[in-house]
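To keep things clear, I will list the structure first and then write my remarks on it.
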Amino acid sequence: MTDSLQWFNLLEQNRRKVIPMSGANQIPQVSGADPSIGHLEEFNSDPLLFLQRVHKECGEIGEFDLAGLGTILLVGSEAHEAVFRANEEQLSAAQAYQMMIPVFGEGIQYGAPPHIERQQLKIQIQGLKHDRMLNYAGIVEHETTLLIKQLGKKGTIDVNQIFSDLTLKTSTHCLLGAELRSELNDEFSTLYKDLENGIAPSSLSDPFEKNERLTKCIRARKRLEELIGDHVDRRRTKGKIYEDMLQVYMDSKYEDGTPLNKAEITGMVIWFMFAGHHTSANTTAWTLLEVVKNPAYLSKLLEEIDQVFLKFPTVTVESLRELLLLDGFIRESLRLHPPLNAITRRVMSDFQYKEFTIPTGKNIMICPYVSHKLEKSFPKPLSFNPERPSPKDNFSEIAFGGGRHKCIGNGFAILQVKTILATLLKQYTFNLSELPEKYGEAMPALILRPKDPCELTYVKKDGQGR
Amino acid sequence: MLKKTVKVDNRLRYRIELDHDLCQGHSVCIAEAPALFSLNESNASYDQIQLITSEIDEEQSEAAFRAQKYCPNGVIRVLPIEDS
């Protein structure tokens with residue numbers, strides 16, 4: 001297990017390695033490094049602006065320095081493929097994401113030995129298989145219908161707030177079941193927020209930095225373990241079997257026959273929530289914002305939604321598949337506003353990419369925000385085009401990462417966002433409440449979302465009143 | 001050199017390819033085409049999809065194309081078989 005002392009030692013080793021290599025195959029170094037902390041301050045203050053600068057200055061491959069942690073930004077589908085196809089022994093996600101250990105808990109995912117992490121991942125995917133998805137679409141539609149009852153005929157919503165609340169409910173309902181969802185209260189929301197705030201850009205360079213943010217995160221995790229542990233006990237007493245992820249965790253066993261203990265079940269819940277909650281909330285918010293900002297496609301989109309609801313009275317996996325333009329809106333929103341932008345691996349043994357050798361101990365970073373704007377992969381990359389054809393390869397669009405560590409919830413995320421937006425757009429017309437240029441980007445806790453406040457007005461369509 | 005697609009009894013033949021590096025065993029393909037795909041419960045991080053048959057005719061191709069279209073990881077390719 002890597003602890004903070006080992007981390008410090010690793011930083012010290014890397015500090016010595018930041019000295020540029022000589023020779024023809026030297027990795028381009030980005031300018032402006034501070035002699036003591038390198039580019040850390042610039043990265044922490046605006047990671048996306050900084051990574052764009054690295055790409056502009058260095059091209060496909062460029063190196064920067066996060067207080068001694070030499071980091072190489074790789075840009076483009078060819079580079080992504082090389083990274084995503086590399087095995088864990090060469091490029092390690094576990095070593096790069098040590099900052100997740102305080103959030104998920106010791107013994108979970110990257111805080112567990114590789115053979116345990118592998119089995120935990122397998123358990124997670126059991127709850128995300130196609131047969132399970134069939135149930136989830138109905139749950140998400142039900143939760144959105146409850147929201148619609150609260151919204152009434154007209155008003156103003158803050159999309160960050162409203163979709164954060166809604167996806168907390170949908171995720172909790174699908175993950176932990178109807179009972180815990182009905183008990184969902186402000187304490188849960190606060191605990192999740194404290195967990196999410198445990199991660200900041202600086203966590204990449206110093207995952208165990210002692211600060212109030214991390215203290216609150218660790219406290220929130222302990223409290224969640226109590227709440228979820230109580231729920232597990234009650235469920236076991238009742239003896240009833242449920243169709244949710246919690247049941248999967250409760251019934252699963254490691255290969256040696258040992259069941260998951262309550263701390264591990266809690267860690268699995270947090271892992272799932274952490275991966276899926278805010279990323280889905282933000283994608284829903286961005287997509288609705290883009291729907292409103294691109295009226296040229298609106299009538300076609302609404303017609304598509306009406307036609308699908310005529311054919312299928314309730315949301316199902318089949319009905320969602322027919323929402324092709326909505327799918328295009330979501331994918332284009334994910335392209336221009338990818339939630340996660342510092343996909344990182346630790347180089348465990350020298351990694352060769354084209355004529356460059358990336359030495360052991362460095363970090364490799366991939367940034368979808370930068371790569372999704374390459375003209376080569378996406379002609380007229382800055383324009384929003386929901387009818388843009390998908391790239392032919394698997395490595396240009398990387399909002400969910402790629403390879404063995406690709407987000408396993410990608411199907412669930414798309415299902416969730418589509419269901420929420422189809423249900424809302426069927427009933428409401430939305431408009432910007434500010435001038436378009438007022439809607440910007442923000443990236444707290446390393447997740448890109450619309451800048452606060454992000455308000456839209458809404459009016460219920462004729463014939464849809466209560 | 002121009003390549004010709006292979007026909008047997010005047011029907012097109014197709015080859016299915018799976019990119020195992022990227023497969024996470026979501027099993028959408030099994031739901032769409034149970035005669036063509038099955039689950040190999042491996043010792044790796046993910047159960048892997050395996051092909052029951054890699055060469056199919058036109059009749060089976062519709063289900064294979066659905067599997068290709070709906071695979072969340074885009075790991076399936078269905079290609080017409082061509083004369084070499």
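The string of couplings for region A:195-212 from the Karplus curve (6.51, -1.76, 1.60, θ = phi - 60°) is 5, 5, 6, x, 10, 9, x, 5, 4, 5, 8, 9, x, 10, 4, 7, 7, 5 Hz, one whole number per residue in order, with x for Gly and Pro.
Sparse packing (at most 10 other Cβ atoms within 10 Å of the Cβ) combined with a DSSP loop state is found for none of the GluC sites (Glu not before Pro) in region A:158-256. Estimated purely from DSSP H runs of n ≥ 4, each contributing -39500 (n - 2.57), the mean residue ellipticity at 222 nm for chain A is -16000 deg cm²/dmol once divided by its residues. Placing +1 on the Cβ of every Lys and Arg and -1 on the Cβ of every Asp and Glu, with no other charges, gives chain A a dipole of roughly 780 debye about its Cα centre. With 10 Å bins beginning at zero, the pair-distance distribution over Cα atoms of chain B amounts to 19, 47, 24, 9, 1 %. Angle of helix A:47-58 to the longest C-alpha principal axis of chain A, folded into 0 to 90 degrees and rounded to 10: 50°. With the charge dipole of the protein assembly as shown set up from +1 on Lys and Arg Cβ and -1 on Asp and Glu Cβ about the Cα centre, the Cα lying farthest toward the positive end among the listed residues A:43, A:329, A:357 is that of A:329. Amide hydrogen proximity for residue B:37: with H placed 1.01 Å from N in the peptide plane, the residues at 5 or more positions away or on another chain lying under 5 Å are B:52. Going by alpha carbons, how many degrees (0 to 90, nearest 10) lie between the helix axis of A:262-293 and the longest principal axis of chain A? On a 0 to 90 degree scale, this one is about 70.
Using only alpha carbons, region A:154-194 has a radius of gyration to Kirkwood radius ratio (Rg to Rh) of 1.02.
Legend: distances between Cα atoms for A:169/A:392; A:154/A:418; A:193/A:380; A:153/A:193; A:373/A:406; pairs beyond 28 Å are A:169/A:392; A:193/A:380; A:153/A:193. Computed from phi, the 3J(HN,Hα) profile of region A:334-345 under the Karplus parametrisation 6.51, -1.76, 1.60 (θ = phi - 60°) reads 5, 5, 7, 10, x, x, 10, 10, 9, 6, 10, 9 Hz, with x in place of Gly and Pro. Charge dipole of region A:53-114 (Cα centre as origin; +1 on each Lys and Arg Cβ, -1 on each Asp and Glu Cβ, all else neutral): 160 debye, rounded to the nearest 20.
In chain A, Cα pairs under 8 Å separated by at least six residues give a relative contact order of 23 percent. Computed from Cα atoms, the angle from the helix A:114-126 axis to the main principal axis of chain A rounds to 20 degrees. Per 20 Å bin, what percent of the C-alpha pairs of the protein assembly as shown does each bin hold, from zero upward? Histogram of Cα-Cα distances, whole percents per bin: 20, 55, 24, 1.
No value in this document is a laboratory result; all are computed from the given coordinates. These figures come from a predicted structure and were not determined experimentally. For neighbour counting, all protein chains shown are included, and Cβ atoms are generated from backbone atoms with ideal geometry for every residue, glycine included.
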